[in-house]
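Only one structure is covered here, and it is reproduced in the block below.
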Amino acid sequence: MSPTLHERIGKALGWPLKDVQSMSLTALRELLRPEHPDLVYEIGKVVEEGSHLTVDRMKDQIHRMAKDLGMPPIKFDPDADLHNFVRGKPLLVGELRALPAKSVVYVWYKEHGEDGPRIDQAMRISKYDESDPANANTWGLEDGSSFGADFTPTGDFASKTGEFATPPDTAACFDEGCGEGEMYLFHAVPVPPTPKKAKKARKRR
């Protein structure tokens, strides 16, 4: 039987298979890049096709890594109540600034070069402590899982300063400050509960 890709990577690095499987293929590709161009090319094809990824496999690997590192269990799923919201109209910067902590907004985020969004759901948003200059204009997003995101409203890019301008309160909430993708905030519209059908009384014979 031919050795698997992970087995060949382990042989090239001199690592046991368990250590190889604990790292992502993209990280392994960078380690191999200087001396193993053939494996780098093969890993690149696998990553491009996405054939190495399944949700269950990714979760299993992350759970195993967290356990090995002594970390608390990783929660992947958002709180159930956040499923009861749909995307509304774009949220304006002025409206964002007026929101109380833990308000629910709808978040859409897509990385450049990817086909679909990474985030497309309702999340809770809170302003960071403004006493820290680095967070003076940044909000944190969370959904009850172990994952979250940051949002900093960004305006037009100023080529002279190399920075994004602060948008006016009338602008829609948009963030591309990190340069890796685009994030938009919307109003989160509650879904009205589905009315339960009344049971028909049985006719007595």
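Selection of first residues in region 80-108 that are in contact (Cβ under 8 Å) with a residue 60 or more places away in the chain and of second residues that are part of a helix (DSSP H, G or I) and surrounded by fewer than 16 Cβ atoms within 10 Å (Cβ to Cβ), restricted to Cβ pairs under 9 Å at least 6 apart or on distinct chains, gives the following pairs, ordered by first then second residue: Val104/Asp81.
In region 158-179, the residue that is farthest from Lys110 (Cα to Cα) out of those that are in a loop (DSSP other than H, G, I, E, B) and among the charged types (D, E, K, R) is Lys160. Here no strands (runs of 3 or more DSSP E) wholly within region 60-138 include at least 2 residues being more than 20 Å from Thr154 (Cα to Cα) and touching a Cys at 6+ places or on another chain (Cβ under 8 Å).
Is it fair to say Asp156 is charged (D, E, K, R), within 21 Å of Lys89 (Cα to Cα) and in the same structural domain as Val105 (by TED's automatic domain parsing)? Criteria not met by Asp156.
Take Asp120 and tell me if it is touching an Asp or Glu at 6+ places or on another chain (Cβ under 9 Å) and at pLDDT 85 or above. Judged against the criteria, Asp120 is not a match. Report, ordered by the first and then the second residue, all pairs with beta carbons closer than 9 Å, sequence separation of six or more or different chains, a first member in region 141-155 that is touching a residue at least 12 places away in the same chain (Cβ under 8 Å), and a second member that is of a type in the set (Asp, Glu) and surrounded by 19 or more Cβ atoms within 10 Å (Cβ to Cβ). As it stands, the answer is Asp150/Asp175; Phe151/Asp175; Thr152/Asp175; Pro153/Asp175; Thr154/Asp175, since those pairs meet every condition given. Can you say whether Gly155 is on the phi > 0 side of the Ramachandran plot and either modelled with pLDDT of 90 or more or not in a strand (DSSP E or B) (or both), as far as the supplied structure shows? Considered against the rule, which asks whether it is on the phi > 0 side of the Ramachandran plot and either modelled with pLDDT of 90 or more or not in a strand (DSSP E or B) (or both), Gly155 comes out as no. Among the criteria (1) within 12 Å of the chain's Cα centre (by Cα); (2) over 24 Å from Asp169 (Cβ atoms); (3) not aromatic (Phe, Trp, Tyr), the one Ala149 does not fulfil is (2).
Against the conditions (1) on the phi < 0 side of the Ramachandran plot; (2) surrounded by fewer than 14 Cβ atoms within 10 Å (Cβ to Cβ); (3) at pLDDT below 95, Gly70 satisfies every one except (1).
The one condition from (1) surrounded by 16 or more Cβ atoms within 10 Å (Cβ to Cβ); (2) β-branched (Val, Ile, Thr); (3) more than 28 Å from Asp77 (Cβ to Cβ) that Thr166 does not meet is (1). For region 121-136, the set of residues classified as free of Cβ contacts under 8 Å to residues at least 24 places away in the same chain and exposed (fewer than 15 other Cβ atoms within 10 Å of the Cβ) consists of Asp129, Glu130, Ser131, Asp132, Pro133, Ala134, Ala136, listed by residue number.
The values are calculated or read from the model by the stated rules, or taken from the named source; none is laboratory data. The structure displayed is predicted, hence computed values, not measured ones. Here Cβ is always computed from backbone atoms with ideal geometry, including for glycine, and neighbour counts include all displayed protein chains.
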